[in-house]
1. Looking only at the stretch 3-53, which residues are farther than 16 Å from Gly69 by Cβ, modelled with pLDDT of 85 or more and open to solvent by 20 Å² or more (accessible area, probe 1.4 Å)?
2. Could you tell me whether any residue of the stretch 115-122 is buried (at least 16 other Cβ atoms within 10 Å of the Cβ), outside any loop (DSSP other than H, G, I, E, B), modelled with pLDDT of 75 or more and touching a helix residue (DSSP H, G or I) at 6+ places or on another chain (Cβ under 7 Å)?
Amino acid sequence: EFNVHDNISYYSGADPYKGMGIKIKHPFNTDSPSGLITRNILFNSYRAGIGVSGHNNTIVRYNYIKNGGASDVTAGGIVFIDLGDSETEFTNFTVEYNTLIDSAFIELIASNKTIGSHLATIRYNVISDNRATSYPTDGLDGIVRVYDYGPASYYNDIRDNNKLTIDYNCYYNSAAVSLYFDFFATTSGGPGPADATGAGYTGLAAWQAFG
């Protein structure tokens, strides 16, 4: 078990070793003990405010992220991604009661791992991403990004077996730019696998209608 709590991180832009505000990587063993990341304040990270790789059963709760980076696919607010580890399964993440300002929200992507009994529960978060330009719709961006390049089997597993819960979150953009939500988006006419069936959704109403 691990706990990361009550920290403040600020990236000034001067340090050449640019990265995430908090990065958890390489579990101690494949049993992947539970982890808790809570009550942290993270400003101006070059990449994601919080990034987790290879630690299933992790809870991310009560964190404040301001200006989560926009440098690459590992950017934004909270990211669960394969950064090279011994885990073969991707399962049981909880993200709740976090506040994200001027940041994309959540990314779940680890296409070389199987999906466990439940991928993630994401609820009760407040997200304000006040960009003045539209999100790219190439599947590598968006306020929510789920498995950009995942195969159709992953898409069907998550949808058909209710393995992902994203509910009771508050999204806002004061610049009146439509929010963009990516659910296997690069696999629908994009550069992803030809057999996949995902899509991108522009605007909160479209995302809600998707269910």
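1. Selection gives Asn3, Val4, His5, Asp6, Asn7, Ile8, Ile24, Leu36, Arg39.
2. Checking the stretch 115-122: at least one residue is buried (at least 16 other Cβ atoms within 10 Å of the Cβ), outside any loop (DSSP other than H, G, I, E, B), modelled with pLDDT of 75 or more and touching a helix residue (DSSP H, G or I) at 6+ places or on another chain (Cβ under 7 Å).
The values are calculated or read from the model by the stated rules, or taken from the named source; none is laboratory data. Note that this is a predicted model, so its numbers are computed, not measured. For neighbour counting, all protein chains shown are included, and Cβ atoms are generated from backbone atoms with ideal geometry for every residue, glycine included. Each accessible area value is taken on the protein alone, full model and side chains, heavy atoms only, with ligands, DNA and RNA left out. Shrake-Rupley method; radii C 1.70, N 1.55, O 1.52, S 1.80 Å.
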